[in-house]
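The next block holds one structure in the form of structure tokens; read it before the comments.
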Amino acid sequence: MAMANVDKGELMDQVKQQIAVANAQELLTQMTQKCFKKCVNKPGTSLDSSEQKCISMCMDRFMDSWNLIYRTYGQRLQREQSNF
């Protein structure tokens, strides 16, 4: 029976890792799409300096916003769990 628990725990860890990877991929996809749409007016073979700067700033803002939301959500979950 103990072996089944270990296998179940390992399986849960693998599922959690896969979910984390999927979430990271989704975050990257959303950030890329939003920043490209905002910053690149005329796609070409390379980005000019203003497009590069815009993309860099857009990605920074996107990540800052995502981190704030993630922290706030985590704090809310902790508060709700402590109320039970």
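Please treat every number below as a calculation from the coordinates, not as lab data. Everything numeric in this text was worked out from a predicted model, so none of it was measured. Glycine also receives a Cβ, built like all others from the backbone with ideal geometry; neighbour counts cover every protein chain displayed.
Mind putting a number on the dipole of region 4-56 about its Cα centre? Charges go on the C-beta only, +1 for Lys and Arg and -1 for Asp and Glu, and I need it in Debye to the nearest 20. List each step's numbers first, then the result.
Working: 7 positive and 6 negative charges, 78 e Å.
With only Lys, Arg, Asp and Glu charged at Cβ, the dipole is about 380 debye.
Can you spot the lysines whose alpha carbon is less than 24 Å from residue 38's alpha carbon? Ignore those fewer than 8 places along the same chain. The reachable lysines, counting only those whose Cα sits under 24 Å from residue 38, are 53. Once you divide the Cα radius of gyration of the chain by 2.2 N^0.38 Å, the number left is 1.65. The calculated FRET efficiency for the pair residue 52 and residue 27, based on their C-beta separation and a Förster distance of 25 Å, comes to about 0.75. Here's the picture: charge each Lys and Arg Cβ at +1 and each Asp and Glu Cβ at -1 in the chain, and of 28, 46, 83 the one pushed furthest to the positive end of that dipole is 46.
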